[in-house]
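The numbers here are math on the coordinates, done by the rules we state, and not lab data. Quantities reported herein were computed from a predicted structural model and do not represent experimental measurements. Positions of Cβ are backbone-derived with ideal geometry, glycine not excepted, and every protein chain shown enters the neighbour counts.
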Amino acid sequence: MAHLFTPLTLRGVTLKNRLVVSPMCMYSAQDGFANDWHLVHLGSRAVGGAALVIQEATAVAPEGRITPDDLGIWQDEHLPFLRRITDFIKAQGAVAGIQLAHAGRKASHQSPWKGGAEIPPTAPGGWPTVAPSAQPFAPAETAPQALDAAGIRRVVANFEAATRRAVQAGYEVIEIHAAHGYLLHEFLSPLSNERTDEYGGSFENRIRLLLEVTEAVRAALPAELPLLVRISATDWTEGGWSADDSVALARQLQRRGVDLIDCSTGGNVPKAPIPVGPGYQVEFAARIRQETGLPTGAVGLITDAQQAETILADGQADLILLARELLRDPYFPLHAAQELGTEVPWPNQYERAKPRGSR
């Protein structure tokens, strides 16, 4: 059997294969509420054979949304429709995951197809943003408010409460979003964190908030459910967060009950010189896995079955997270199995379309 279709167990959850739907913002919610778009979008990838379907960045607080159109989980009223989504995913033999997020200084923006510009806090639909320091992401944007001690405590409490709601809603994998220039990444990087208190300055201080969030989330999770953390393994900018920092952070997260590091990069610096190409982020997943022993997920321009299989066979990662490729082809896992000569079950409703020679 191909490596891509061997099961993986994280704590008490077993994934039927190594293909994961990477969290992708749909910008299709209203007041944080999921709707039929999210059910069909996420459900179709479960039908298509992915083992783990991770829901897009879901805001733990209203001010933590990237746009007014983001999903949220800051109130109990959000849960009934989310439960409908998780029930459907589970019925397809997949596992439902959720990425919990706070956008920090990159919040209060238009959705991409509405222009993507900042919505100033005084404009309709906008709100004040928060960050480690009063430093905007882009020079022309409004400066965020630097979080005080009470604000930091609220962030931790928001992640904890969101975790409890996520479990109620039926999610079996929780991912903390600490990447792409959003709030927790902003604290990690010296390029965005200019604080002089216990949350800024040294490496130990800059990782403090993420460790506190991780501890709170892990404590709120049943012991049998796995916890993932997505990081940007490098800022791709001199003087910023580095691969060495990521290895050191992974060791700290491992001690606090994190089960897998989801390795992305960038997002904290506008126009960073990122060498984008096929599998360009895999090296970071490989290094963290090799130096810490912690399972990792690889993401970033992984677009074909043999490429994904080689990453796993070479021991560079434990999971393959696909984003745009699964937008192009929701049934990529079924097609990949055929390409790699591995027999996997098709949904009963689609069995008649299974290629001959695959039965």
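Could you list, in sequence order, the residues of segment 177-208 that are polar (S, T, N, Q) and either out of contact with any helix residue (DSSP H, G or I) (no Cβ under 8 Å at 6 or more places or on another chain) or at positive phi (or both)?
Thr196, Ser202, Asn205
If you go through segment 75-106 one residue at a time, how many are part of a loop (DSSP other than H, G, I, E, B) and in contact with a helix residue (DSSP H, G or I) (Cβ under 6 Å, 6 or more places away or on another chain)?
In the first step, residues of segment 75-106 are kept if they are part of a loop (DSSP other than H, G, I, E, B); the result is 75, 92-94, 102-103.
Cutting the leftovers down to in contact with a helix residue (DSSP H, G or I) (Cβ under 6 Å, 6 or more places away or on another chain) gives us 92, 94, 102-103.
Qualifying residue count, segment 75-106: 4.
Determine the pairs where a residue that is in contact (Cβ under 8 Å) with a residue 60 or more places away in the chain, located within segment 193-218, has a partner that is of a type in the set (Asp, Glu) and surrounded by fewer than 22 Cβ atoms within 10 Å (Cβ to Cβ) with Cβ atoms under 7 Å apart, the partner being 6 or more residues away or on another chain.
The qualifying pairs are Gly200/Glu194; Ala216/Glu160; Val217/Glu160.
Does segment 305-318 include one or more residues that are within 16 Å of Ser246 (Cα to Cα) and in contact with a Cys (Cβ under 9 Å, 6 or more places away or on another chain)?
Within segment 305-318, one or more residues are within 16 Å of Ser246 (Cα to Cα) and in contact with a Cys (Cβ under 9 Å, 6 or more places away or on another chain).
Being in contact (Cβ under 8 Å) with a residue 60 or more places away in the chain and not hydroxyl-bearing (Ser, Thr, Tyr): is that true of Arg230 here? Full working, then the answer.
On the way: in contact (Cβ under 8 Å) with a residue 60 or more places away in the chain: yes; not hydroxyl-bearing (Ser, Thr, Tyr): yes.
Yes, satisfied.
Could you please let me know if Gly266 is touching a strand residue (DSSP E or B) at 6+ places or on another chain (Cβ under 7 Å) and within 30 Å of Glu194 (Cα to Cα)? So that I can check it myself, show each step before the final result.
Details: touching a strand residue (DSSP E or B) at 6+ places or on another chain (Cβ under 7 Å): yes; within 30 Å of Glu194 (Cα to Cα): yes.
In short, yes.
Please enumerate the residues belonging to segment 263-301 that are touching a Ser or Thr at 6+ places or on another chain (Cβ under 6 Å), within 17 Å of Gly240 (Cβ to Cβ) and surrounded by 18 or more Cβ atoms within 10 Å (Cβ to Cβ).
The first filter runs over segment 263-301 and keeps only residues touching a Ser or Thr at 6+ places or on another chain (Cβ under 6 Å), leaving 263-269, 272, 281, 285, 288-289, 299.
Those left that are additionally within 17 Å of Gly240 (Cβ to Cβ): 263-269, 272, 281.
Within segment 263-301, Cys263, Ser264, Thr265, Gly266, Gly267, Asn268, Val269, Gln281 meet the criteria.
Do we have Ile66 as outside any loop (DSSP other than H, G, I, E, B) and on the phi < 0 side of the Ramachandran plot here? Walk me through it before giving the result.
On the way: outside any loop (DSSP other than H, G, I, E, B): no; on the phi < 0 side of the Ramachandran plot: yes.
Against the criterion (outside any loop (DSSP other than H, G, I, E, B) and on the phi < 0 side of the Ramachandran plot), Ile66 does not qualify.
Which one is nearest to the chain's Cα centre (by Cα) among residues in segment 1-24 that are part of a loop (DSSP other than H, G, I, E, B) and surrounded by fewer than 21 Cβ atoms within 10 Å (Cβ to Cβ)?
Restricting to residues being part of a loop (DSSP other than H, G, I, E, B) and surrounded by fewer than 21 Cβ atoms within 10 Å (Cβ to Cβ), the top hit is Met24.
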